[in-house]
């Protein structure tokens, strides 16, 4: 079993749709849960992070963590063409030194 | 403005040549990282450094070398021993803290290396 698995995509949705992006992880020691957004030919940038189970909202984005199921999700409401990017889930490892990244899901929001 | 710079943006290499990718940060971060990104495979860790004059191998270090002589600089050399070097290379930095604290990795814009 891979340490982190992510919906493979690619995912295409019409503008205004609600998008759900998901990751599962196997290491129960992960304490922080992050989502990075990467535009084509650019470096990833942190979109959201959360520490505990539950939901965290930031504008049109909601990060959801279910530690018992080792499952995290990123929801995008009212998706826009500018949301078209690859989304990577990320987890600092047990020693706080390195990050484990999911393979990414490429999202296209069509106008 | 604080951030991470990588150069060059595009790099072409002939087979058998060594090339060096530059990474500089002015965020005063202790830790720096090099990743390789291939389509559909996400980010794979090549090398990382938590402190000046010290670095550790990541998951795919073979065929690569690094140095960390200054806090702000972490160059990566892709040697001729790397059999399939064509990829997108990303440098990142973060504060180096205990596992209980929040650390964010900041990424540079990347270098796309193509072997001719």
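Just so you know, all these numbers are worked out from the coordinates, no wet-lab data involved. Owing to the predicted nature of the structure, the values given are computational and were not obtained by experimental measurement. With ideal geometry, Cβ positions are generated from the backbone for all residues, glycine too; neighbour counts draw on all protein chains shown.
Here are a few things to note about the model shown:
- Relative contact order of chain A: 36 percent, from C-alpha pairs under 8 Å at least 6 residues apart in sequence.
- Here the label points at residue A:67 and residue A:17, each 7 Å from Cα along the C-beta direction, are separated by 3.4 nm in the simple model.
- Test item: A:28-41 mean partner chain Cβ contacts at 10 Å: 2
- Using the empirical formula 2.2 N^0.38 Å as the baseline, the Cα radius of gyration of the protein assembly as shown reaches a ratio of 1.02.
- Spin-label model, residue A:80/residue A:31: points 7 Å from Cα along the beta carbon direction are separated by 3.5 nm.
- The average projected area of chain A, computed from the convex hull of its Cα atoms over all directions, is 6.7 nm².
- Along principal axes, Cα extents of segment A:9-52, largest first, whole Å: 36, 23, 17
- Distance from the alpha carbon centroid of segment B:31-63 to that of segment A:56-75 works out to 28 angstrom.
- Taking label positions 7 Å along the Cα-Cβ direction at both residue B:57 and residue B:83, the computed distance is 1.6 nm, reported to one decimal.
- The GNM of chain A, with springs linking C-alpha atoms under 10 angstrom apart, assigns the highest mean-square fluctuation among A:11, A:74, A:88 to A:11.
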